[in-house]
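Below is one structure; the comments refer to it alone.
The values are calculated or read from the model by the stated rules, or taken from the named source; none is laboratory data. Only a predicted model underlies this, so the values are computations on that prediction, with no experimental measurement involved. Cβ placement follows ideal geometry from the backbone for every residue including glycine, while neighbour counts extend to all protein chains displayed. Note: areas computed on protein heavy atoms with side chains; ligands, DNA, RNA excluded. Shrake-Rupley method; radii C 1.70, N 1.55, O 1.52, S 1.80 Å.
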Amino acid sequence: MNVAIFGLGYVGCVTAACLARDGHHVTGVDLKPEKVAAIRAGRSPIIEPGLAELIQSAVASGRLQVTHNPVQAIHQSDLLLICVGTPSHPNGDLDLSHVENVCRDIGRALAAPTEYKVIVIRSTILPGRAASHLLPLLEEASGLQAGRDFGFCVNPEFLREGTAISDFDHPPYTIIGQLDERSGDCLTELYAGLAAPIHRVPLGAAEMVKYASNAFHALKVTFANEIGNLCQTFGLDSHQIMDIFAQDSQLNLSPAYLKPGFAFGGSCLPKDLRALLYAARQQDLRLPVLEGILPSNERQTQRAVDILLRNGRRKVGLVGLSFKPHTDDLRESPAIELAERLLGKGFELTIYDREVSLSQLHGSNRAYIEQTIPHISSLMRPTLHETVSPAEAIVIAKQPLPDEYDQLIRLLRPDHVLIDLVRLNGQVAPDFGGRYYGICW
């Protein structure tokens, strides 16, 4: 394919060299004469293992050319990859001026009669900015209509300095945020040689995957450091601890728990986190990330309350009481905390949970109920029908058992509002429109 790459910094250089190596014809564009001169001479302008050799070979073969003239690159290319920087403003927002300037250059060049081209944003931008900001700028500068006259995609990169070539060749996936199918088809062809799944998603989803990934990477580093600091106070080898920790691919390093939804609860996570933070305080050790977990978890419960308060329905049927499916454990269940807050706000409440029989609770589980919400027995109903029927709003706090899902859907009336805290049956409830509220979807 014929590819133009705007911005020959870290991402642009690596992308250009790898694509040229793979047989594509690449034209790199940069306004800095020293970068253009270095690559034209077959030298890498940045330090990255293996990159100098790739650039030298690609330039010698004629598959990699460089210029400071964007118009020339645009007219001889089918795919236009924007790889310029998006540095931070002092307030944390992104400086998009470099991306904007490239979009204006591309737009003005497209105003002249030209073949269909796909503009690809590879620079890191916040969710929504491509659609709300860059697309209108391209259309205004070109006088053309996106999706009809030119294509548009968001294609975030996941290249780490020091291992960028290996990361390009062996990505976990390729993310293509596409304006339309035609745009996505063109960009998909570019990555046909990579043995990795391709996810074709809306523009904003592609932008958000990049931020979710980097935020999680930062969280992992900080989590390991906080555990390491705590290990040191106990005289423990932090690397030994985390090496063992990382061997658990079922829960620790896995998709487990990475599903947006309601708050966590139960007899282990809140208790053990409080104990760990108590031990840290005894050592005068601050652990800001770990300290922020319980307040954030509490905020998720309040978010459910806020949805109901905004909705205005005062009669609530709560489906689910124990802290997760397939257990009757009520200790520190977020559903109980939600029930308490709703009662405190004057809501009328009915509760159903087939897995919870208050008469059979015993030990610490029963003691927790008696101390926290002793009047709960008067709120519980033996059937879904008796819980849903008097309610105006139905709150799903736990995934229903398989046979209960169909029954629940049949019981819902046109005047009901459904507030989903668990991604009911793994999906957004169908045919509810404006009467369906997901807690974070």
Of all residues making up region 321-359, the number that are farther than 17 Å from residue 419 by Cβ, of a type in the set (A, V, I, L, M, F, W, C) and in contact (Cβ under 8 Å) with a residue 40 or more places away in the chain: 1
Exclusive hit being over 30 Å from residue 424 (Cα atoms) and within 24 Å of the chain's Cα centre (by Cα), set 246, 280: 246
Region 380-420, residues that are in contact (Cβ under 8 Å) with a residue 40 or more places away in the chain and not in a loop (DSSP other than H, G, I, E, B): 380, 384, 387, 388, 393, 394, 395, 396, 404, 408, 417, 419
Those residues of region 360-379 which are in a helix (DSSP H, G or I), free of Cβ contacts under 8 Å to residues at least 12 places away in the same chain and not hydroxyl-bearing (Ser, Thr, Tyr), in sequence order: 363, 366, 367, 370, 371, 374, 375
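Rundown of residues vs (1) of a type in the set (A, V, I, L, M); (2) in contact with a Pro (Cβ under 9 Å, 6 or more places away or on another chain); (3) buried (at least 22 other Cβ atoms within 10 Å of the Cβ), yes/no style:
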{"site": "76", "(1), (2), (3)": "no, no, no"}
{"site": "91", "(1), (2), (3)": "no, no, no"}
{"site": "95", "(1), (2), (3)": "no, yes, no"}
{"site": "104", "(1), (2), (3)": "no, no, no"}
{"site": "115", "(1), (2), (3)": "no, no, no"}
{"site": "119", "(1), (2), (3)": "yes, no, yes"}
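Looking at the structure I just gave you, is residue 40 closer than 18 Å to residue 81 by Cα, in contact with a helix residue (DSSP H, G or I) (Cβ under 9 Å, 6 or more places away or on another chain) and either at pLDDT below 95 or of a type outside the set (A, V, I, L, M, F, W, C) (or both)?
Working: closer than 18 Å to residue 81 by Cα: no; in contact with a helix residue (DSSP H, G or I) (Cβ under 9 Å, 6 or more places away or on another chain): yes; either at pLDDT below 95 or of a type outside the set (A, V, I, L, M, F, W, C) (or both): yes.
So residue 40 does not fit the description; no.
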Residues satisfying the stated conditions in region 321-335, i.e. under 24 Å from residue 404 (Cα atoms) and in contact with a Ser or Thr (Cβ under 9 Å, 6 or more places away or on another chain): 321, 322, 323, 324, 328, 329, 330, 331, 333, 334, 335
Counted residues, region 8-26 - those being open to solvent by 10 Å² or more (accessible area, probe 1.4 Å) and outside any helix (DSSP H, G or I): 5
Single condition residue 29 does not satisfy, out of (1) touching a strand residue (DSSP E or B) at 6+ places or on another chain (Cβ under 7 Å); (2) closer than 22 Å to residue 170 by Cβ; (3) in contact (Cβ under 8 Å) with a residue 40 or more places away in the chain; (4) open to solvent by less than 40 Å² (accessible area, probe 1.4 Å): (2)
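Kindly evaluate residue 374 against the criterion of being closer than 22 Å to residue 261 by Cα and surrounded by fewer than 20 Cβ atoms within 10 Å (Cβ to Cβ). Please lay out each step first, then the result.
Numbers: closer than 22 Å to residue 261 by Cα: no; surrounded by fewer than 20 Cβ atoms within 10 Å (Cβ to Cβ): yes.
Criteria not met by residue 374.
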Residue match in region 235-255 (condition: touching a residue at least 12 places away in the same chain (Cβ under 8 Å) and open to solvent by 90 Å² or more (accessible area, probe 1.4 Å)): no
Candidates 338, 342, 379 - the one that is open to solvent by 10 Å² or more (accessible area, probe 1.4 Å) and within 27 Å of residue 405 (Cα to Cα): 379
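Rundown of residues vs (1) closer than 29 Å to residue 257 by Cβ; (2) under 23 Å from the mean Cα position of the chain (by Cα), yes/no style:
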residue: 365; (1), (2): yes, no
residue: 369; (1), (2): yes, no
residue: 380; (1), (2): yes, no
residue: 393; (1), (2): yes, no
residue: 399; (1), (2): yes, yes
residue: 409; (1), (2): yes, no
residue: 414; (1), (2): no, no
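Restricting attention to region 55-97, report how many residues are outside any loop (DSSP other than H, G, I, E, B) and within 26 Å of residue 40 (Cβ to Cβ).
Step one: of region 55-97, the residues outside any loop (DSSP other than H, G, I, E, B) are 55-61, 64-67, 70-75, 79-82, 88, 94, 97.
After this cut, where a residue has to be within 26 Å of residue 40 (Cβ to Cβ) as well, the list is 55-61, 64-67, 70-75, 79-82.
Looking only at that region, the number is 21.
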